[in-house]
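S.K.: Can you read through this structure? Questions will come right after.
Derivation of every value follows stated rules applied to the coordinates shown; laboratory data play no part. Given the structure is predicted, the values throughout are model-derived calculations rather than measurements. All Cβ positions, even for glycine, are placed from backbone atoms using ideal geometry, and neighbour counts span all protein chains on display.
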Amino acid sequence: MPACPIAPTDAPPTDAAPVAPQPGLARPVLDSQRVFRAVLRAMSRPGVPVALPVLPPAPLPLTPATVALCLTLADFETPLWLDRAATTPAALAHLRFHCGCPIVTDPAAALFAVIGDGSTVPPLNAFAPGEPDYPDRSATLVVQVAGFGTGPRRMLHGPGIETSQALAVSGLSDGFWAAWRDNTARYPLGVDVVLASPDALVGLPRTVQIH
Amino acid sequence: MTAAAPQPGLAGYNFAYLDEQTKRMIRRAILKAVAIPGYQVPFASREMPLSYGWGTGGVQLTAALIGPDDVLKVIDQGADDTTNAVSIRKFFATTTGVATTTRTAAATLIQTRHRIPETPLADGQIMVFQVPIPEPLRWLERREVESRRMHALEDYGVMYVKLYEDIVRHGKIATAYDYPVMVNQRYVMAPSPIPKFDNPKLDRSPALMLFGAGREKRIYALPPYTAVKSLDFEDHPFEVQSWSQACALCGATDSYLDEIITDDRGGRMFVCSDTDHCRQRTTAEGNSR
């Protein structure tokens with residue numbers, strides 16, 4: 001097993017006893033509805049940070065925003081892929097227990113992916129872009145970043161944006177935006193991305209153009 | 001078992017009727033629909049406690065969206081007080097306990113059968129459309145495999161031929177409702193059987209528009225500010241209906257009018273199809289007098 005770049009605080013570092021998951025959403029039905037509406041708002045207004053109304057406990061290196069999204073949308077039907085930074089015993093135990101989702105090692109087989117460290121985003125074309133007849137059979141990536149409002153500014157255009165939308169992200173690799181251009185070039189195929197700061201989301205559906 | 005925190009809604013049922021796994025499945029389909037505007041996302045439509053054809057697609061969308069903070073409005077052909085609207089509004093009032101309204105401006109969530117309110121929609125509002133036939137190519141190509149491939153290849157020539165044949169036969173495009181639109185310059189989409197009068201309201205609307213077809217098991221979407229163009233030709237540009245009369249109740253000349261037969265001797269009147277719009281106008285006039 002690869003070494004964890006960030007040691008989970010609540011779990012033994014190596015193959016000791018199984019890690020107990022932390023509590024999930026306090027009120028699963030009502031909380032997941034509110035989280036979903038935040039995700040929907042983020043995806044329908046790309047580039048606008050949407051604060052999450054619910055911040056559940058999160059085992060490091062996962063953030064409350066990432067965990068809220070996974071607990072709301074992932075289940076036994078959605079294979080999940082985690083990058084090396086996010087693959088910790090505590091994170092695995094937490095997601096397996098609360099979502100019951102299969103954890104896959106092949107990124108192309110995943111419907112959801114969690115990128116624990118936005119400064120090293122894997123190639124976007126490693127994930128399922130859908131098929132010409134079924135572009136919806138594509139992956140959604142949750143990319144953990146440090147925050148919004150600082151860092152290089154990009155101008156976003158596309159559906160969900162009235163004229164243009166400025167977006168500044170800190171903790172996101174420069175190479176991401178070049179990869180994003182390639183992703184939008186194959187529209188309607190492509191992956192969709194949710195940038196997650198510890199407490200807010202920014203949606204990047206595949207329709208978003210960068211200038 | 002210890003008493004859990006009370007959850008609004010109907011005892012013995014989950015909040016908003018659907019189980020949580022179904023809601024997750026629908027929510028994932030909604031997000032993909034928003035990411036690919038105008039593309040019909042297949043979803044595992046459930047049996048609902050109302051028949052196919054009565055808005056099961058819209059009801060499932062609303063059930064996956066609605067929360068205690070929402071204010072729900074339901075209309076049927078523009079009216080808040082017709083059977084379909086009343087029963088769906090009552091369904092959600094019972095299973096969620098949310099507030100309902102007839103006022104367009106006060107609603108956060110508007111489920112509709114075949115109309116878009118006359119009152120301009122605002123950022124943050126969500127429209128849910130009930131859709132009988134989601135596939136705009138279905139009357140031209142009956143095979144699902146073929147129509148899906150035509151969307152993949154952006155092969156929409158047959159749709160233009162159909163509109164052209166209308167012009168040859170009738171001198172104009174005869175389609176008056178469910179008038180096909182091009183979304184974000186990529187997908188041809190059925191706007192559901194709204195009158196073509198409402199098509200311009202789809203273009204770059206600040207509200208999120210979601211479409212649900214329960215029997216046909218499809219969900220599709222128009223994110224806010226999405227370019228929506230009604231199909232037409234340079235020499236036969238798209239036009240909406242117009243009336244020589246004004247609304248008999250409120251005097252509106254800019255709203256969609258229904259013709260009401262008032263007796264068996266040819267008597268008739270034209271009134272606003274949007275009952276809330278009509279009521280707002282008559283109340284405002286009454287106040288100003």
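S.K.: State the Cα centre-to-centre distance between region B:32-89 and region B:93-168 in whole Å.
M.R.: 12
S.K.: Further question: So, with +1 on the Cβ of K and R and -1 on the Cβ of D and E, and no other charges, what is the size of the charge dipole of region A:28-205 about its Cα centre, to the nearest 20 debye?
M.R.: Details: 11 positive and 14 negative charges, 79 e Å.
That gives region A:28-205 a dipole magnitude of about 380 debye.
S.K.: Out of all DSSP beta bridges with both ends in region A:62-211, state the antiparallel percent to the nearest 5. Please list the in-between numbers first.
M.R.: Numbers: 13 of 27 bridges.
Bridges in region A:62-211 that DSSP calls antiparallel: roughly 50 percent.
S.K.: Helix-only estimate, please: 222 nm mean residue ellipticity of the protein assembly as shown, summing -39500 (n - 2.57) across DSSP H runs of length 4 or more and dividing by its residues, to the nearest 500.
M.R.: Taken over the protein assembly as shown, the calculation gives -8000 deg cm²/dmol.
S.K.: Further, regarding this structure: Take every Cα-Cα pair in region B:61-136 and report what % of them are more than 16 Å apart.
M.R.: Tail of P(r) above 16 Å: 44 percent of Cα pairs.
S.K.: Compute the Rg to Rh ratio over region A:90-174 from the alpha carbon atoms, using the Kirkwood formula for Rh, and round to two decimal places.
M.R.: Rounded to two decimals, Rg over Rh is 1.03.
S.K.: Now for a separate question. For region A:171-203 and region A:57-115, what is the separation of their Cα centres, given in Å?
M.R.: 18
S.K.: Now a separate question. Could you give the alpha-carbon Rg of region B:1-133 over 2.2 N^0.38 Å, rounded to two decimals?
M.R.: So region B:1-133 has a normalised radius of gyration of 1.05.
S.K.: How long are the semi-axes of the equivalent ellipsoid of region A:21-68, taking √(5λ) for every eigenvalue λ of the Cα gyration tensor, in whole Å from largest down?
M.R.: 20, 13, 6
S.K.: Given the Cα atoms of region B:94-198, and with Rh set as the inverse mean 1/r over their pairs in the Kirkwood sense, what is Rg to Rh to two decimals? Walk me through the numbers before you get to the answer.
M.R.: Details: Rg = 17.0 Å, Rh = 16.0 Å.
Rounded to two decimals, Rg/Rh equals 1.06.
S.K.: Only bridges with both residues in the protein assembly as shown count here: give the DSSP antiparallel percent, nearest 5.
M.R.: 55
S.K.: Treating cross-link reach as a plain straight distance, find the lysines whose alpha-carbon is under 25 Å from the alpha-carbon of B:Lys90, omitting any fewer than eight places away in the same chain.
M.R.: Leaving aside lysines fewer than 8 places away in the same chain, those within reach of B:Lys90 are B:Lys23, B:Lys73, B:Lys217.
S.K.: Give me the inter-chain shielding for B:177-185: mean count of other chain Cβ atoms within 10 Å, whole number please.
M.R.: What the average comes to for B:177-185 is 1.
S.K.: Also, I was wondering about something else. Taking other Cβ within 10 Å of each residue's Cβ, how do B:Glu144, B:Glu216 sort, fewest first?
M.R.: Listing B:Glu144, B:Glu216 from fewest to most nearby Cβ atoms yields B:Glu144, B:Glu216.
S.K.: Can you pull a Stokes-Einstein diffusion coefficient for region B:134-289 at 20 °C (1.002 mPa s), Rh from Kirkwood over Cα pairs, as a whole number of µm²/s?
M.R.: Reported coefficient: 119 µm²/s.
S.K.: Oh, and also: Any chance you could list P(r) for chain B, counting all Cα-Cα pairs in 10 angstrom bins from zero, rounded to whole %?
M.R.: 6, 26, 33, 23, 9, 2, 0, 0
S.K.: Obtain the radius of gyration and the Kirkwood radius of the protein assembly as shown from its C-alpha atoms and give Rg over Rh.
M.R.: A ratio of 1.00.
S.K.: So, one more: Which whole number gives the average count of other chain Cβ atoms within 10 Å of the Cβ atoms across peptide B:216-229? Could the numbers behind the result be given before it?
M.R.: Values: counts 0, 0, 0, 1, 1, 4, 3, 12, 6, 8, 6, 2, 1, 0.
Partner-chain Cβ atoms within 10 Å, mean over residues of B:216-229: 3.
S.K.: Let me know the mean shielding of B:13-20 by other chains, meaning the per-residue number of their Cβ atoms within 10 Å of its Cβ.
M.R.: 2
S.K.: Give the Rg (one decimal place) followed by the Dmax (whole number) of region B:1-73, computed from C-alpha coordinates and expressed in Å.
M.R.: Using the Cα atoms of region B:1-73, the pair Rg, Dmax is 14.0, 47 Å.
S.K.: How far apart, in nanometres, would the label points at B:Ser87 and A:Glu131 be if each is projected 7 angstrom from Cα along the Cα-to-Cβ direction?
M.R.: Result for the modelled spin labels: 3.8 nm.
S.K.: Could you list A:Ser170, A:Ser197 so that the one with the fewest beta carbons within 10 Å of its beta carbon is first and the one with the most is last? Display every interim value, and only then the final one.
M.R.: Values: A:Ser170 15, A:Ser197 24.
Ascending Cβ contact count within 10 Å gives the list A:Ser170, A:Ser197.
S.K.: Would you mind telling me the antiparallel percentage of the DSSP bridges in chain B, rounded to 5? Please report the intermediate quantities before stating the final value.
M.R.: On the way: 22 of 38 bridges.
Taking every DSSP beta bridge with both residues in chain B, the antiparallel ones total about 60 percent.
S.K.: Here's something else I'd like to know. Nearest 20 debye, what's the magnitude of the dipole of region A:147-202 about its Cα centre given +1 on Lys and Arg Cβ and -1 on Asp and Glu Cβ?
M.R.: Value, rounded to 20: 160 debye.
S.K.: What lysines sit close enough to B:Lys229 to cross-link, taking a C-alpha to C-alpha distance under 22 Å and skipping anything fewer than 8 places away on the same chain?
M.R.: The reachable lysines, counting only those whose Cα sits under 22 Å from B:Lys229, are B:Lys32, B:Lys162, B:Lys172, B:Lys196, B:Lys201.
S.K.: Counting other Cβ atoms within 10 Å, keep those with at most 16, restrict to DSSP loop, and tell me which trypsin sites (Lys or Arg not before Pro) in region A:48-155 are left.
M.R.: When the trypsin sites (Lys or Arg not before Pro) of region A:48-155 are filtered for loop state and at most 16 Cβ neighbours within 10 Å, A:Arg84, A:Arg137 remain.
S.K.: For q = 0.11, 0.15 Å⁻¹, what log10 I(q)/I(0) does region A:28-205 give under the Debye formula with an equal point scatterer on each alpha carbon and no solvent?
M.R.: -0.42, -0.81
S.K.: Please identify, among B:Tyr187, B:Tyr39, B:Tyr225, the residue showing maximal mean-square fluctuation in a Gaussian network model of chain B using a 10 angstrom Cα cutoff.
M.R.: B:Tyr225
S.K.: Here's another thing I want to ask about it. Quick one: which of B:198-207, A:44-53 comes out on top by average Cβ neighbours within 10 Å, and what's the full order, highest first?
M.R.: In decreasing order of mean packing, B:198-207, A:44-53 become A:44-53, B:198-207.
S.K.: Find which of A:Ala196, A:Leu111, A:Gly158 sits farthest along the positive direction of the dipole of chain A, computed with +1 on the beta-carbon of Lys and Arg, -1 on that of Asp and Glu, about the Cα centre.
M.R.: Going by the Cα projections, it comes out as A:Gly158.
S.K.: Under the rule of at least 5 residues apart or a separate chain, name every residue whose amide H is placed under 5 Å from the amide H of B:Arg46.
M.R.: Under 5 Å from the amide H of B:Arg46: no residue qualifies.
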